[in-house]
Amino acid sequence: MRLLYVFPEPLPLERARGIQTVHTVAALAAQGIEVTLVHVPSTGDPFDAYSVAMPGKVRLLPVSRSLPWPFSRMHSNRVFAARLAKRIDPGEIGAVMARHLKASTLLLDRIPSLRLVYEAHEVFADTAPLRRRRKTERLERGVVRRAAALVANSKATAARLRALYDVTAPIEVIPNGVEYRESVPAKDWARASERIVYAGSFFSWKGVDDLADAARTLPGLRIRLIGGDEARIAELRARAGSVGAALDFTGRIPHGRVATELARACIAVLPNRADPDSAFTSPIKLFEYMAAGCAIVVSDLPALREVLDSGDAVWVAPGDAAGLADAIRALAEDPERARRLGARVREKARSYTWAARGERLARIVRPLLGTK
């Protein structure tokens, strides 16, 4: 019996969930599970794009979500689910794993016998636009109650699902992960003030605007920002001005190059704001910062406290640009403290590998597949 991993979006994808999906599928296959990864076709190989070797136990099943011509520029989850249902044999599928509400609902409606492992990375009833929240809550309630197993990316996500939907079934909390390398290049800690980095999306809830504001009061420092499109980069350049820290923008770069950038960096910044999206986060970039041995300046949010202890990082109030600037300056002026913090979180990252995540997921999936 095979596990059907359903991802109704293009792969590769310039979002963290694309990275998470490919690594999760590879980690499950490494546990001996036969996986069919269903995805919307795009340019490039999903595994090559993230520098992940595609395991022999993985099959790719591209399924288009585009409407027929002349509406081919439009796409629909309903079309995706209908096409997928026609291309699979339910007798060969032991379980389905998914993190998308609509795709999960449509597949369960079409094939009620499917055993769904629902992987919650947020609580959509809280993060959806206000006009859609009632409908989203109905969808989410239905998926949570019909799922054969529930996985949450954080304790905060699990607690909110239990409270909102009166869930009594177990919810396994399994955070995201990182590819941990046993050795990394030595960092030049004496140049910590020049080796400051932010990597990730440039959405407002990620706090990059606060980092741009903080940069205005950090003359003599250099901050490298990885990600973002041209319009967002121009906006942040204008916001930061020219009198503070020197800002280097790389734009979006291949995921493999991000690891090289982090290996060189000394101080990494995770300035998430206290928005609903941050309430449920399990940031891949946090684990990548840790595995690279960077000293971390991080927003004081409950979801991030699940991973880091008080002494593991320099904590700042979310949305406080002045406090963020003070924290960055304090580490830049104390390279030895930064070195100690980097070594501490790098050791802690050993507990958050994709392989460890795969082991825990496999223990949930195997009984549904009828394997040990």
Requested in this report: Sort through Ala103, Ala125, Ala156 and tell me the only one that's under 30 Å from Pro68 (Cα atoms), among the hydrophobic types (A, V, I, L, M, F, W, C) and not in a loop (DSSP other than H, G, I, E, B).
Outcome: Ala103
Requested in this report: Out of Arg346, Arg329, Arg273, report the one residue that is within 20 Å of Pro175 (Cβ to Cβ), touching a residue at least 60 places away in the same chain (Cβ under 8 Å) and open to solvent by 10 Å² or more (accessible area, probe 1.4 Å).
Outcome: Arg346
Report task. Check region 61-79 and report whether any residue there is open to solvent by less than 20 Å² (accessible area, probe 1.4 Å), in contact with a Lys or Arg (Cβ under 6 Å, 6 or more places away or on another chain) and not aliphatic (A, V, I, L, M). Result -> no
Report task. Tally the residues that are in contact with a helix residue (DSSP H, G or I) (Cβ under 7 Å, 6 or more places away or on another chain), open to solvent by 40 Å² or more (accessible area, probe 1.4 Å) and touching a residue at least 12 places away in the same chain (Cβ under 8 Å), restricting the search to region 353-372. Result -> 1
Requested in this report: Considering (1) farther than 30 Å from Leu114 by Cβ; (2) at pLDDT below 95; (3) open to solvent by less than 40 Å² (accessible area, probe 1.4 Å), say which one Met290 fails and leave the rest.
Outcome: (2)
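Of all residues in region 175-200, which are closer than 30 Å to Glu235 by Cα, part of a loop (DSSP other than H, G, I, E, B) and in contact with a strand residue (DSSP E or B) (Cβ under 6 Å, 6 or more places away or on another chain)?
Gly200
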Report task. Please work out if Gly293 is of a type outside the set (S, T, N, Q) and touching a helix residue (DSSP H, G or I) at 6+ places or on another chain (Cβ under 8 Å). Result -> yes
Requested in this report: Test Pro302 against the criterion of being under 16 Å from the mean Cα position of the chain (by Cα), open to solvent by 40 Å² or more (accessible area, probe 1.4 Å) and not small (Gly, Ala, Ser), and give yes or no.
Outcome: no
Report summary line: Within region 310-326, restricting to residues that are touching a residue at least 40 places away in the same chain (Cβ under 8 Å) and open to solvent by 10 Å² or more (accessible area, probe 1.4 Å), the one that is farthest from the chain's Cα centre (by Cα) is Ala322
Query - Residue selected from region 243-269 under the condition out of contact with any Phe, Trp or Tyr (no Cβ under 7 Å at 6 or more places or on another chain) and part of a strand (DSSP E or B), by the criterion nearest to Val197 (Cα to Cα) - result: Ile267
Report summary line: (1) open to solvent by less than 60 Å² (accessible area, probe 1.4 Å); (2) of a type in the set (Gly, Ala, Ser); (3) in a loop (DSSP other than H, G, I, E, B); (4) modelled with pLDDT of 95 or more all hold for Gly56 apart from (1)
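The values are calculated or read from the model by the stated rules, or taken from the named source; none is laboratory data. What you see is a predicted model; the values in this text were computed from it and never measured. Neighbour counts run over all protein chains shown; Cβ positions are idealised from the backbone, glycine included. The area values use the complete protein model at the heavy-atom level, side chains included, leaving out ligands, DNA and RNA. Shrake-Rupley method; radii C 1.70, N 1.55, O 1.52, S 1.80 Å.
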